[in-house]
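Enquirer: Okay, here's the structure, questions in a sec.
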Amino acid sequence: MPFALSPERERKLQEILERYPTKMAVTLPLLHLCQEQAGYVSDEIVEFVSKRLDLSPAHVKGVVTFYTLYNQHPVGKHQVWVCRTLPCALRGAYEVIEHCEKRLGIKCGETTADGKITLRTAECLASCGTAPMMQVDRDYHENLTRERVDQILARLQGG
Amino acid sequence: MLKRTNYLTRTYGKPEGWGLAAYERELGGYQQARRALTTMTREQVVDEAKKANIRGRGGAGFPMGIKWSFMPKGSPAPGAKPHYLVVNADEGEPGTHKDRTLMEQNPHACVEGCIIACYGIGAHVAYIYVRDELHLSKARLEGAILEARAKGYLGKAPFGKDYAVEVYVHSGAGAYICGEETSMLNSIEGRRGEPRMKPPFPANAGAFGCPTTVNNLETIAAVPAAFGLGADEFSKLSALHHINDGGVRLYGVNGHVKKPCVVELAVGPTFNELIHDVAGGVLGDKGILCVIPGGSSTPVMRPAETVHAPDPKSPLHPWHGKSVFDVPLGVDTMRGVGTMLGTCCVTVIADGTDPVWCMQNLMQFYRHESCGQCTPCREGSAWLLRVSEKILDGKASLQELDGLHDIANGIMGNTICAFGEGTAMPALAILQKFRPEFEAYVRGQRSRADARLTVEPWS
Ligand SMILES: Cc1cc2nc3c(=O)[nH]c(=O)nc-3n(C[C@H](O)[C@H](O)[C@H](O)COP(=O)(O)O)c2cc1C
Ligand code: SF4
Ligand code: FES
């Protein structure tokens, strides 16, 4: 099935097109809209974006592979990113990562068998003053304690 | 002397502090944008901006007003290329956590700053480039833009003046390198975020090939405060006004301190004041191994290092012989002591922390984030990581340890963008300042099993 945006996202796309002097500039915003809807950027989406913006599929693919936040494969329902960079590591990030891996029974980069949670490490997320921290989908969780991490993961495993 | 101020942070922590009502109540609410557009010429705005002595808050410390003055003069002729303002809110430098607080808690200052800056540089459109992960920041900025537009502060004729201004939020997609200004321009144009060769500089050929000014988000957010107080008065708040480093700015303290935080201060506090008076001292009342002055690309400093400035004409002469931890933090003072001010967010590392592990952790970041265009950076960052890991595992020879210096030196000056120096300089500083610790690993006197990064176990 060829990919199509939902009507609401289609409206948003029209609004975004007005903001830039070129169609190419809409590449990143449109890829975000597509991934929001589909979870990852499939070959169909690359095709769709290149058609809508009059770009070559190679250009779009080149953009997708450059930026870490475009998923090139399906991912779990929830994304857990634990920051591992030095300021967080100074306050326990490696212990947070180990704890998450143990609790979920997976390594960073993997998805739980039920497809619910993908666990990954992140580079500095601009929360170094509230370390250690992790991002779950769109939300930041800061000043993490063991108890807090357990609560967050339990909620994700349940939902 | 430590001077707390609240020209940028007065709305922080207030109920709905991010809304227009709070901005009007606490911070004058767009009076300065109104004044600039309705009573000043473009040239007067740039002159006022120069007088404020705002050094770029993104890391390099270039004077904001002078950067604005590089833009083509006069109003663009019909059919000529438009001008653009690009606001850098990519905040990805490890240890940096300040711009996010402005977007979340005082987004209207960012928008008002954009209006004044656009007018000053002859632009009608500003793109605020926010890293994708900062969803709350983007929502708050977009909320502020909507409120400002509803009031008629943005759009075809802000404040009734025939000078259109639009502000848009542009989301990144996960790439530290997009914080580099020319990479950011490529990213806005819809390309891979690879830095461009300079020249041409953005003021000549920036976004979409048009004259563009790129400023950090805090730089722009400071503009309404500077105009509100009067640029000269604003500049004089700083302890370093006399060396053209003016005003107030955000300072962050993170790492091994009791109270990590972001605070607003007059320019010029010292490391000691930030660590002890602002952040409550070091965890476990330990001594300080070193600090990273302003983001991981700035070379580490140790408390025992002293200032060498025997020449009375040197701006650092008053601190000759004193600890670098007692020097006011400024763009030129930090350059003078052999490091960089960077983003003004200090990472504190306590005694007992393993510097070799710190190096390995940081090199993992640079390895991950190199865009790969230049061979010395791509291969060099990979080598720095690989050898650091080997040292940590007790498997490296003295020769390999010495080789690290050559790898880092091979990156310096041989790359398209400053990411290369940002990788090599901190690596060289750690290697030089912690030589005994590195050697201890090589000689088998220290091992990964005893290495620690935390002061207390995480719980
Ligand atoms: C690798 C690299 C990453 C950078 N990241 C940022 C960043 O996240 N935010 C920022 O404002 N400036 C960053 N900069 C600096 C920008 O290139 C540019 O100098 C700055 O946005 C200019 O604004 P200012 O003059 O107001 O500081 C980075 C530079 C380099 C070389
Ligand atoms: S120095 Fe590194 S990050 Fe900068 S352009 Fe070259 S490879 Fe890319
Ligand atoms: S190091 Fe983790 S948020 Fe900055």
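Enquirer: Restricting everything to alpha-carbon atoms, can you work out Rg to Rh for the stretch A:7-66 with a Kirkwood hydrodynamic radius?
Expert: Working: Rg = 10.7 Å, Rh = 11.5 Å.
Ratio of gyration radius to Kirkwood radius: 0.93.
Enquirer: I would also like to ask the following. Taking beta carbons within 10 Å but only from partner chains, what does the mean come to for residues B:446-459? Mind showing how you got there, number by number?
Expert: On the way: counts 0, 0, 0, 0, 0, 0, 1, 9, 8, 3, 2, 2, 13, 5.
Averaged over the peptide's residues, the number is 3.
Enquirer: Could you pull out which residues in the stretch B:264-294 have an amide N less than 17 Å from a spot 7 Å beyond the Cα of B:LYS258, following the Cα-Cβ vector?
Expert: Only B:272-288 pass the distance filter.
Enquirer: What nm distance separates the two modelled labels at B:GLU456 and B:ASN414, each placed 7 Å from Cα along Cα→Cβ?
Expert: Here the modelled spin labels are 4.7 nm apart.
Enquirer: Turning to a different aspect of this structure: Comparing A:TYR140, A:TYR70, A:TYR20, which has the greatest mean-square fluctuation in the GNM of chain A with Cα pairs linked when under 10 Å apart?
Expert: Maximum among the listed residues: A:TYR20.
Enquirer: Please get the size of the charge dipole for the stretch B:241-350, origin at its Cα centre, with Cβ charges of +1 on Lys and Arg and -1 on Asp and Glu, quoted in debye to the nearest 20. Don't skip to the end; give the middle numbers.
Expert: Values: 8 positive and 9 negative charges, 38 e Å.
For this selection, approximately 180 debye.
Enquirer: Helix B:42-51 versus the longest principal axis of chain B: what angle, 0 to 90°, nearest 10, using Cα atoms?
Expert: The two axes meet at around 30 degrees.
Enquirer: Test of understanding: what is the full-extension gain from A:LYS12 to A:GLU147, defined as 0.36 nm times their sequence separation minus their Cα-Cα distance? Walk me through the numbers before you get to the answer.
Expert: Details: separation 135, 0.36 × 135 = 48.60 nm, distance 3.98 nm.
Roughly 44.6 nm would be gained on extension.
Enquirer: Please list, ordered by chain and number, the residues whose modelled amide H lies under 5 Å from the amide H of B:CYS290; skip anything fewer than 5 residues away on the same chain.
Expert: So B:CYS290 has HN proximity to B:ILE349.
Enquirer: Identify, among B:ILE220, B:GLN105, B:PRO199, the residue whose Cα sits farthest towards the positive end of the charge dipole of the stretch B:20-236, taking +1 on the Cβ of Lys and Arg and -1 on the Cβ of Asp and Glu, with the dipole about the Cα centre.
Expert: The one lying farthest along the dipole's positive direction is B:PRO199.
Enquirer: Let me ask another. Mind giving me the nanometre distance, one decimal, between the label points for A:THR65 and B:SER397, set 7 Å out from Cα along Cα→Cβ?
Expert: Reported label-point gap for A:THR65 and B:SER397 is 3.7 nm.
Enquirer: Let me ask another. With a cap of 12 neighbouring Cβ atoms within 10 Å, and only residues DSSP puts in a loop, list the trypsin sites (Lys or Arg not before Pro) found in the stretch B:118-199. Can you show the working numbers first?
Expert: On the way: sites: B:ARG131, B:LYS138, B:ARG140, B:ARG149, B:LYS151, B:LYS156, B:LYS161, B:ARG191, B:ARG192, B:ARG196; in loops: B:ARG131, B:LYS151, B:LYS156, B:LYS161, B:ARG191, B:ARG192, B:ARG196.
Taking the stretch B:118-199 and a limit of 12 other Cβ atoms within 10 Å, the loop trypsin sites (Lys or Arg not before Pro) found are B:LYS156.
Enquirer: Along the charge dipole of the protein assembly as shown, which of B:LEU27, B:VAL331, B:GLY422 sits closest to the positive end, that is, farthest toward it, with unit charges on the beta carbon of Lys, Arg, Asp and Glu (+1, +1, -1, -1)?
Expert: B:LEU27
Enquirer: Right, something else. Post the alpha-carbon centroid distance, the stretch B:276-331 to the stretch B:75-154, in whole angstrom.
Expert: If we compute the Cα centre of each part, the gap is 33 Å.
Enquirer: Just the C-alpha atoms of the stretch A:19-125: what Rg/Rh do they give, with Rh taken as the Kirkwood radius? Provide the component values of the computation, followed by the final result.
Expert: Working: Rg = 16.8 Å, Rh = 15.5 Å.
So for the stretch A:19-125, dividing Rg by the Kirkwood Rh gives 1.08.
Enquirer: Can I ask one more? Please compute the net charge surrounding B:VAL46, taking Lys and Arg as +1 and Asp and Glu as -1 over other residues with Cβ under 11 Å from its Cβ.
Expert: Charge balance in the 11 Å sphere: +2.
Enquirer: Pairs of alpha-carbon atoms within less than 8 angstrom and 6+ residues apart define the contacts here; what relative contact order does chain A have, in percent?
Expert: Details: 204 pairs, mean separation 28.5, N = 159.
The normalised contact order for chain A reaches 18 percent.
Enquirer: Assuming 0.36 nm per residue, please report the length gained on full extension of the stretch B:GLU43 to B:HIS242 beyond their Cα-Cα distance. Before the final figure, lay out each step's value.
Expert: On the way: separation 199, 0.36 × 199 = 71.64 nm, distance 2.39 nm.
69.2 nm is the gain from fully extending B:GLU43 to B:HIS242.
Enquirer: For a test of the definition: using alpha carbon positions, the gyration tensor, and the 1.5 limit on a/c, classify chain B as rounded, prolate or oblate. If you can, show how the numbers build up before the last one.
Expert: Values: a/c = 1.92, a/b = 1.57, b/c = 1.22.
Verdict is prolate for chain B.
Enquirer: Using r as the Cβ-Cβ distance of A:ASP114 and B:ASP351, and R0 as 51 Å, what FRET efficiency do you calculate, to the nearest 0.05?
Expert: Values: r = 45 Å, r/R0 = 0.89.
Calculated value: 0.65.
Enquirer: Of the cross-linked pairs B:LYS322/B:LYS433; B:LYS286/B:LYS433; B:LYS258/B:LYS433; B:LYS14/B:LYS51; A:LYS23/A:LYS51; B:LYS51/B:LYS73, which ones have a Cα-Cα span greater than 22 Å in the structure shown? List each step's numbers first, then the result.
Expert: Values: B:LYS322/B:LYS433 18 Å; B:LYS286/B:LYS433 19 Å; B:LYS258/B:LYS433 25 Å; B:LYS14/B:LYS51 31 Å; A:LYS23/A:LYS51 11 Å; B:LYS51/B:LYS73 19 Å.
As for pairs spanning more than 22 Å Cα to Cα, those are B:LYS258/B:LYS433; B:LYS14/B:LYS51.
Enquirer: Run the dipole for the protein assembly as shown about the Cα centre, Lys and Arg Cβ at +1, Asp and Glu Cβ at -1, nothing else charged, and hand back the magnitude in debye, nearest 20. Don't jump to the answer; show the numbers that get you there.
Expert: Values: 68 positive and 68 negative charges, 122 e Å.
So the magnitude is around 580 debye.
Enquirer: Still on this structure, I have one more. For the protein assembly as shown, build the convex hull from the C-alpha positions and give me its volume per residue in Å³. Walk me through the numbers on the way to the answer.
Expert: Values: hull volume 97.9 nm³, N = 618.
Per-residue hull volume (Cα only) is 158 Å³.
Enquirer: Further question on the same structure: FRET efficiency for B:GLN432 and A:MET1, Cβ-Cβ distance as r, R0 = 60 Å, nearest 0.05?
Expert: For R0 = 60 Å, the calculated efficiency reads 0.50.
Enquirer: Further question: When the helices in chain B are scored as -39500 (n - 2.57) per DSSP H run of 4 or longer and the sum is shared across all residues, what 222 nm value do you end up with, to the nearest 500 deg cm²/dmol?
Expert: Values: 17 runs with 173 residues, N = 459.
Mean residue ellipticity at 222 nm (helix-derived): -11000 deg cm²/dmol.
Enquirer: Along the charge dipole of the protein assembly as shown, Cβ charges K/R +1 and D/E -1, which of B:PRO355, B:GLY143, A:VAL80 sits furthest on the positive end?
Expert: Value: B:GLY143.
Enquirer: What list of whole percents do you get for P(r) of the stretch B:355-450, with Cα-Cα distances grouped in 5 Å bins up to the one holding the largest distance?
Expert: 2, 15, 28, 25, 15, 9, 4, 1
Enquirer: Could you give the nm distance between label points at B:ARG302 and B:ASP332, where each point is 7 Å from its Cα heading toward the beta carbon?
Expert: Label at B:ARG302, label at B:ASP332, 3.0 nm between them.
Enquirer: Assigning unit charges at the beta carbon (Lys, Arg +1; Asp, Glu -1) and nothing else, what dipole magnitude in debye, to the nearest 20, does the stretch B:355-450 show about its Cα centre?
Expert: Details: 10 positive and 11 negative charges, 31 e Å.
In debye, rounded to 20, the stretch B:355-450 gives about 160.
Just so you know, all these numbers are worked out from the coordinates, no wet-lab data involved. Fair warning: this is a prediction, and the values are worked out from it, not measured in the lab. Every residue, glycine among them, receives a Cβ derived from its backbone with ideal geometry; neighbour counts consider all protein chains shown.
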